[in-house]
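I have placed the structure first, in the form of structure tokens, so that the comments after it can refer back to it.
The values are calculated or read from the model by the stated rules, or taken from the named source; none is laboratory data. Worth saying up front: this structure is predicted, and the values here are computed from it rather than measured. Cβ placement follows ideal geometry from the backbone for every residue including glycine, while neighbour counts extend to all protein chains displayed.
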Amino acid sequence: MVERVKTGIPGMDEILYGGIPKRNIVLLAGGPGTGKTIFGQQYLWNGLQMGEPGIYVALEEHPVQVRINMRQFGWDVRKYEQEGLFAIVDAFTGGIGEAAKRERYVVRDPTDVGLFIDTLKEAIRDTGAVRGVIDSVSTLYLTKPAVARSIVMMLKRVLSGMGVTTILVSQVSVTERGFGGPGVEHAADGIIRLDLDEIGGELKRSLIVWKMRGTKHSMRRHPFEITDKGIIVYHNKVLKITRGGISEVTLGEE
Ligand SMILES: Nc1ncnc2c1ncn2[C@@H]1O[C@H](COP(=O)(O)OP(=O)(O)O)[C@@H](O)[C@H]1O
Ligand SMILES: [Mg+2]
């Protein structure tokens, strides 16, 4: 039997037949505003509620802003940080600014992969993290796509080796249908793609699990919503995108 890590996101574990297989490195790909950051934060918060420590690696936002954003969904992580069960790795500020001086895990030079990995390991050891989110992994190789695969392989060895089930947030442009580039897509154990599609003047959210090593998963595109409490996935509904428009079908009523 496969050991799994439950995302705890309503509807998501049903699509994954119980959760993400333990130690998998999952690419969470999507365009801007598709909900990648919220998905990752909800995954970590739910872990904390189940007694599973985690780390969030902030590459695109100030750690102070990350805490504020999470609190807006009712996910107040400060208590867990004080208890040493949760850590935000600051790979954003480079240690610059007053607020950054109060951060415990700071990557002084985020372009230094060795330093980045060392700080990551320290945070994992200290917290005993079994869940991790790197937001976004694309930031690590945006200016040097040639090393994307080797960076992801290195992260995979370290994180999986330390027993961490990880979400790597992957940025793709609005029009792109891919997941973040061939090297990265093949190295990842799983790929979840989040989408926003505009049809008839309305944006519809949906997600699809493209790949997940070690388990069966839904092969359908499911609609989801972002609410004040986070993401809700409609595992019993399918979003069909055709030339005629988008239609939502409830399974069993097709
Ligand atoms: N409280 C909320 N209720 C509904 N939607 C929200 C709420 N907060 C944020 N959103 C939606 O989430 C989007 C941002 O999600 P985010 O996870 O930051 O996207 P990404 O990381 O993929 O760029 C916003 O553009 C907005 O549409
Ligand atoms: Mg984001």
Could you grab me the full set of residues in the stretch 20-43 that are among the hydrophobic types (A, V, I, L, M, F, W, C) and either part of a helix (DSSP H, G or I) or over 16 Å from Tyr56 (Cβ atoms) (or both)? Ile20, Leu27, Ala29, Ile38, Phe39
Taking the stretch 27-86 and keeping residues within 14 Å of Lys229 (Cα to Cα) and more than 16 Å from ligand 2 (Cβ to nearest atom) leaves Asn46, Arg71, Gly74, Asp76
Please state which of the following conditions Tyr17 fails to meet, knowing it meets all the rest: (1) surrounded by fewer than 17 Cβ atoms within 10 Å (Cβ to Cβ); (2) in a loop (DSSP other than H, G, I, E, B); (3) out of contact with any Lys or Arg (no Cβ under 7 Å at 6 or more places or on another chain); (4) at pLDDT 95 or above. (3)
Please work out if Arg23 is more than 16 Å from ligand 2 (Cβ to nearest atom), in contact (Cβ under 8 Å) with a residue 40 or more places away in the chain and within 19 Å of the chain's Cα centre (by Cα). yes
Within the stretch 70-101, considering residues that are assigned to a helix (DSSP H, G or I) and modelled with pLDDT under 95, the one farthest from Ile9 (Cα to Cα): Lys101
Being under 13 Å from the mean Cα position of the chain (by Cα) and of a type in the set (D, E, K, R) is the filter here; which residues of the stretch 33-59 pass it? Lys36
Count - residues of the stretch 159-181 that are in contact with a helix residue (DSSP H, G or I) (Cβ under 6 Å, 6 or more places away or on another chain) and either outside any loop (DSSP other than H, G, I, E, B) or within 16 Å of ligand 1 (Cβ to nearest atom) (or both): 7
Looking at Val133, Val184, which one is touching a residue at least 12 places away in the same chain (Cβ under 8 Å) and either assigned to a loop (DSSP other than H, G, I, E, B) or within 18 Å of Gln65 (Cα to Cα) (or both)? Val133
Kindly indicate whether any position in the stretch 152-170 is more than 28 Å from Leu85 (Cα to Cα) and either without any contact (Cβ under 8 Å) to a residue 12 or more places away in the chain or surrounded by fewer than 16 Cβ atoms within 10 Å (Cβ to Cβ) (or both). no
